[in-house]
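> Handing you this structure, nothing more for now.
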Amino acid sequence: MPVQTLLPDMLSGLSDEVLGCMELRQDPLFHKIPPEKISYYVHESLQAGRSAAAAYKDLGIRDMCRDAGLRYEITEASGKFHKVSFRAQIDFSKTPPEIILYASSLKEMQMVCQEILGEQSSGAETDIDLLVDIHLAHEFYHWLEYKEQSFTNERLEEIEVFKLGPWTRRSSVVQCCEIAAHAFCKELLGLPYMPNLLDYAYLIEEKQLSAEDFMQQITTCKLWI
């Protein structure tokens, strides 16, 4: 079923909090998070991204990258590593770090970009330009975390992942960094929705995710937050 026929149901009540919760569910330790703490990780992560974006109000992401000395490259190389596809990543081994965007993955997103982002995306060239900006903004947030050595997940409470007698192992919730990066991107670019919605729309279009499963995730997340 094409994404455009699902849009009214998909987008109804689809808040940042819901999309943040859906992102949080991707964390490998999500099952260890107490249900009553889910909203804490979602809201605090969203606020971290929004606060960071406020410092760059009215600045263009490409100018931000230039001023920060960050290079970016759009490559035709495959973004697939060990069966995982990447649309963009930042290489911290280089000085300064370099953002790498994978052209093939960006082109895959064109089909859903205009349907989700509406007036901000009109035509193939604009679609790609906006998708580049979205991914640059996302990786720019991760660069900010790296530069300041202040990672979103490490600023939030750790969760208990294992307990044996008096010994307890705790861990941070890494996916909080992704939620914050999505919120940063949305605020910086003035997007109508958190950009991870594009990934879900693409998966539905490609029949890798059913509309029913997507709607069920929305319903579940609304109960948690």
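> Testing LEU197 on (1) in contact with an Asp or Glu (Cβ under 8 Å, 6 or more places away or on another chain); (2) over 22 Å from PHE92 (Cβ atoms), one condition comes back false. Which one is that?
Single failed check for LEU197: (1).
> A follow-up question, please. Would you please name the residue that is surrounded by the most Cβ atoms within 10 Å (Cβ to Cβ), looking only at residues in segment 190-206 that are under 17 Å from GLN110 (Cβ atoms) and aliphatic (A, V, I, L, M)?
ALA201
> Take segment 24-39 and flag every residue that is over 11 Å from VAL173 (Cα atoms) and either in contact with a Cys (Cβ under 9 Å, 6 or more places away or on another chain) or hydroxyl-bearing (Ser, Thr, Tyr) (or both).
SER39
> Can you find a residue in segment 189-207 that is at pLDDT 90 or above and of a type in the set (Gly, Ala, Ser)?
So far as segment 189-207 goes, yes, one or more of its residues are at pLDDT 90 or above and of a type in the set (Gly, Ala, Ser).
> Can you name every residue in segment 207-219 that is without any contact (Cβ under 8 Å) to a residue 40 or more places away in the chain and in a helix (DSSP H, G or I)? Give the steps one after another, and end with the answer.
Residues of segment 207-219 without any contact (Cβ under 8 Å) to a residue 40 or more places away in the chain: 207-210, 212-213, 216, 219.
Residues satisfying the conditions are GLU212, ASP213, GLN216, THR219.
> Could I ask something else about it? Is segment 29-40 home to any residue that is in contact (Cβ under 8 Å) with a residue 40 or more places away in the chain and under 15 Å from the mean Cα position of the chain (by Cα)? Explain how you work it out, then say what you get.
Of all residues in segment 29-40, those in contact (Cβ under 8 Å) with a residue 40 or more places away in the chain come to 29-30, 32-35, 37-40.
Of the ones still in play, those that are also under 15 Å from the mean Cα position of the chain (by Cα) are none.
No: zero hits.
> Here's a follow-up. Output the residues belonging to segment 149-160 that are within 15 Å of PHE30 (Cα to Cα), part of a loop (DSSP other than H, G, I, E, B) and touching a helix residue (DSSP H, G or I) at 6+ places or on another chain (Cβ under 6 Å).
LEU156
> Of the residues that make up segment 161-180, is at least one loosely packed, with under 14 Cβ neighbours inside 10 Å and among the hydroxyl-bearing types (Ser, Thr, Tyr)?
yes
> Moving on to the next point. With respect to GLU158, is the statement that it is within 22 Å of GLU36 (Cα to Cα), modelled with pLDDT of 95 or more and acidic (Asp, Glu) true?
Spelling it out, GLU158 is indeed within 22 Å of GLU36 (Cα to Cα), modelled with pLDDT of 95 or more and acidic (Asp, Glu).
> Looking only at residues that are among the β-branched types (Val, Ile, Thr) and outside any strand (DSSP E or B) in segment 161-201, which one is nearest to SER45 (Cα to Cα)?
Across segment 161-201, the extreme among qualifying residues is ILE179.
The values are calculated or read from the model by the stated rules, or taken from the named source; none is laboratory data. All values reported here derive from a predicted model rather than from experimental measurement. Glycine gets a Cβ as well: all are built from the backbone with ideal geometry, and neighbour counts include every protein chain shown.
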